[in-house]
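Here's the structure we're looking at; comments come further down.
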Amino acid sequence: MQSIISVRQLTKQYASGYRALKDIDLDIRRGEIFALLGPNGAGKSTLINIICGIVNPSSGTVLADGHDIIADYRAARAKIGLVPQELSTDAFETVWATVNFSRGIFGKPKDHAHVEKVLRALSLWDKKDSKIFALSGGMKRRVMIAKALSHEPQILFLDEPTAGVDVELRRDMWEMVRGLRESGVTIILTTHYIEEAEEMADRIGVIRKGEIILVEEKHALMAKLGKKQLRLQLRQPLAAIPAALASPQLELSADGSELVYTFDAQAEQTGIADLLRRLGEYGIDFTDLQSSQSSLEEIFVNLVHADS
Ligand code: ADP
Ligand code: MG
């Protein structure tokens, strides 16, 4: 299947000289919810803002639904709705005027029925005649979402959509996102909350210091999380693991000097006691042992720590 967004060799060096993105390659699948997960300063907003045409890339290419975001800017941008991280709207306009105006910017003909539908879905209908400055922060954010949806985009970007929002808005937002996905809209959201990516996404990409360090199906990723490894340094190298001990969880290092046992740290039964007993039975002696988290777990622990 052709990807709806394809990013190739994308770099961004800000005028300050800071390299915020380094050779990013990324494909977003049509119709998926993709979560871009990374600590503050990782480059999430920079990447999104480049795709949306707000920040210029230093090098590389981006296609949005087949349109080059620079050579074919208007066509690319018309496909995209963006809810930016920072709130910014014309404070003295009404909700109704702002959202209808937004639609017009993208060259779409007036469609009051569509705008009404969007406002109702975001519980903004009874606020349609309010001036934006008079709204609460949560309501202002709903207006930003309504603006982003005003021109019926095929691709919706949500940059840190739930940072600082109340529980009710968060819940409404996820419901809306799921509804949009059902109607065929592709959704890319950024977050620095692992739980949020876990709840919402079909696939998760992790970005750190301007580099995408992994992209994976959420279910595959979650299955790998919470895994630990026990490494046993053997007194005598083994040529092979004895057949009676063979298990997908147990591996022998290439030089035969180390056994590596992978287990679920959250499980009631890790199987370690049983493993050690059986090694004893087979006369396999070890000189030392260490346990470590899987590399994926390390990545996530680092992410969480980098955030605090
Ligand atoms: P994130 O959204 O993941 O928190 P950003 O994309 O906002 O990260 O920022 C990535 C890095 O680029 C940060 O170190 C940030 O300070 C830097 N940066 C962002 N915008 C600018 C700018 N306009 N000029 C210089 N550096 C910037
Ligand atoms: Mg950001």
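Here are some notes:
- Order of 157, 133, 106 - criterion: other Cβ atoms within 10 Å of each residue's Cβ, fewest first: 133, 106, 157
- Neighbour-count ranking [beta-carbon atoms within 10 angstrom, fewest first] of 102, 292: 292, 102
- DSSP finds beta bridges in segment 3-222, and of those with both partners inside it, around 55 percent are antiparallel.
- Mean separation of Cα contacts under 8 Å (6+ apart) over length of segment 226-302, as relative contact order %: 47 percent
- 3J(HN,Hα) along segment 224-229: 7, 6, x, 8, 10, 10 Hz, from the Karplus curve 6.51 cos²θ - 1.76 cosθ + 1.60 with θ = phi - 60°, whole Hz, x for Gly and Pro.
- Whole-Å distance, taken between Cα centres, linking segment 202-231 and segment 25-86: 22 Å
- The stretch between residue 71 and residue 117, if pulled fully straight at 0.36 nm per residue, gains 13.2 nm over its current Cα-Cα span.
- Proximal aspartates and glutamates to residue 224, defined as alpha-carbon separation beneath 19 angstrom and excluding residues fewer than eight positions away on the same chain: 195, 196, 198, 199, 202, 216, 251, 264, 268, 297, 298
- Under 18 Å from the Cα of residue 131 - aspartates and glutamates, other chains or at least 8 residues apart: 90, 93, 116
- Partners for residue 22 among lysines (Cα-Cα distance below 16 Å; same-chain residues under 8 apart left out): 12, 44, 209
- Length-normalised contact order of the chain in % [C-alpha pairs under 8 Å, at least 6 apart]: 20 percent
- Note on residue 268 and residue 301: their simple-model spin labels are 2.6 nm apart, each label 7 Å out from Cα toward Cβ.
- Pairwise FRET efficiency - residue 193 versus residue 276, Cβ, R0 = 45 Å, nearest 0.05: 0.75
- Normalising the average separation of contacting C-alpha pairs (under 8 angstrom, six or more residues apart) by the number of residues puts the relative contact order of segment 93-232 at 19 percent.
- Taken one residue at a time, the phi angles of segment 73-84 give Karplus couplings (6.51, -1.76, 1.60, θ = phi - 60°) of 4, 5, 5, 5, 5, 5, 7, 10, x, 10, 9, x Hz. Gly and Pro are set to x.
- Cβ charges +1 (Lys, Arg) and -1 (Asp, Glu), total dipole of segment 207-306, debye: 140 debye
- The loop-placed GluC sites (Glu not before Pro) in segment 72-141, going by DSSP, that have at most 10 neighbouring Cβ atoms within 10 Å of their Cβ come out as 86.
- When both segment 270-292 and segment 88-118 are represented by their alpha-carbon centers, they are found 66 Å apart.
- Among 251, 281, 32, sorting on how many other beta-carbon atoms sit within 10 Å of each Cβ, with the fewest leading, yields 281, 251, 32.
- In a simple Cβ point-charge model (Lys, Arg +1; Asp, Glu -1; nothing else charged), the chain has a dipole of about 1100 debye relative to its Cα centre.
Taken together, the values in this text are just the output of simple stated rules run on the coordinates, not laboratory data. The structure displayed is predicted, hence computed values, not measured ones. All Cβ positions, glycine included, derive from the backbone under ideal geometry; neighbour counts span all protein chains shown.
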